[in-house]
Amino acid sequence: MEPRNFDGDADRPRSAGAKQTGRVLVIGPYLRVRAGGADAQAESHVLRDAEARLDEAAGLARAIDLVVADAIIAPISQIRPATYIGKGKVEEITGLIKSLEVDLVVMDCALSPIQQRNLEKAWNAKVLDRTGLILEIFGRRAKTKEGSLQVELAHLNYQRSRLVRSWTHLERQRGGFGFMGGPGETQIEADRRLISERISRLENELRKVQATRRLHRAGRQRVPYRVVALVGYTNAGKSTLFNRLTRADVQAADMLFATLDPTLRALNLPHGGKAMLSDTVGFISNLPTQLVAAFRATLEEVLQADVILHVRDISHEDAEAQQSDVDAVLRQLGINPDDSGRIIEVWNKIDRFDAEHREELLNIAARRPADHPAMLVSAASGEGIDALLAAIEERLAAKRTTLDLSIDAADGAGISWLHRNSEVLAKELHDGRFDMTVRVDETKRDIVVSRFDAVPHHATP
């Protein structure tokens, strides 16, 4: 097999998607781990159902239009440093590759550069690990400039780790300047330098994007709109729910990572209030750390959100494991997934259950603690959406103070300020004065109280 080409502008190895006529074999090299053992506790993802993990890996391959010739589970007792799987299994798969006539093998694990090279030599086929496959999907799906920058940054950081002396062409040396220039730098050093320079440029561009986002966020904060963010496992139905709540037309498809670029839309609340709803990239088990770091600018919308909707595909056989994976990513972002005052769990796709199983779900949800409710919805049919909107409004209201005040109708500047900086719940004209009930953020409560002699609101019994 030809060595990987890192010449030129720090080119990456040819992507899986570049072989339009290729067939792919998906392999799940999963460790045999006893449930409840120390190893299982150390790596929570091993508790996921093997068939479900393999189906997900095959779905990732199909997400970039690869033809999956076969998908197999290759259970292993330990990880081999040279090839990840054992020698006998490598030989067995060699025959399968030849019989299936595949030119790409996807390993549903994280391979080291040495393991990847050795498998490619043994199988005479391109080998892609889980991280590389997810990066390929992100590279295909990113539409905006920001998304493209983030994906390229993640890909370059991944490729930099592939620059080891395991490919012989990287050991060539380029001559120095003049006759006495010495041996010069090796190919690997030149490629690493080119990649590092490109990474620095991308990081500078992304810092500009972050600065722009902060300006936009500051502009939104001057308007009394709170932010609600959707998070969840990929294909949990976030974009469909986003469209249902906002009547938008964001792409929603039954595939992994259907949408990547963040979207903000106005969300109308039941009693006339408004919020901003943010749709974000879906999470996945073993999400590459390069992507978590690169998409941090995008995920800042989640960090700044007043309410986070954790959307779960409750019909999925691995729903509990998917919840753990999302919780793990939230913790990486510095968000406590157990913050009941900020996070609402949304059990989506209940339309896939019959009446009996739906009743079981309702009973399970009813037994949950009052401060950790679960909202059962169907983003596809609209069932449960009204109750979800009411819960969102209740959470947002809990973070704000409701005040009563009376203001001279001639004080146009004051009335205008209240409309810009608070949520006006009621406004009635009596004897040349407006009696108003407003809801304000805690940061502006003291201003409203001191400027307008506002008092805490007392609802009429």
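The values are calculated or read from the model by the stated rules, or taken from the named source; none is laboratory data. None of the values given here were measured: they were computed from a predicted structure. Here the Cβ positions follow ideal geometry from the backbone for every residue, glycine too, while neighbour counts run over all protein chains shown. Just the protein is used for accessible areas: all its heavy atoms, side chains included, with ligands, DNA and RNA removed. Shrake-Rupley method; radii C 1.70, N 1.55, O 1.52, S 1.80 Å.
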Low-density loop cleavage sites - GluC sites (Glu not before Pro) in segment 294-363, where at most 16 other Cβ are within 10 Å (DSSP): Glu317
Amide proton proximity set for Asn235, modelled H, under 5 Å, gap of 5+: Phe257, Ala258
DSSP-assigned coil residues among trypsin sites (Lys or Arg not before Pro) in segment 47-147, each with at most 16 further Cβ atoms within 10 Å: Lys143
Alpha-carbon radius of gyration plus Dmax, which is the widest Cα pair, for segment 379-461 in Å: 15.4, 50
For Asp103, solvent-accessible area (1.4 Å; no DNA, RNA or ligand), Å²: 50
Loop trypsin sites (Lys or Arg not before Pro), segment 353-461, which have at most 12 other Cβ atoms in a 10 Å radius of their Cβ (DSSP): Arg367
Cβ-placed point charges (K, R +1; D, E -1), dipole of segment 82-159 about Cα centre in debye, nearest 20: 100
Built amide H within the under 5 Å cut-off of Arg80, gap 5+: Ile85
Long-range HN-HN contacts of His457 with modeled amide H, under 5 Å: Thr402, Leu403, Asp404
Solution diffusion estimate, µm²/s, Stokes-Einstein, segment 51-119, Kirkwood Rh from C-alpha pairs, 20 °C, viscosity 1.002 mPa s: 165
In Hz, Karplus ³J(HN,Hα) per residue of segment 436-449 (6.51, -1.76, 1.60; θ = phi - 60°; x = Gly, Pro): 10, 10, 10, 10, 10, 5, 4, 5, 10, 4, 5, 5, 5, 5
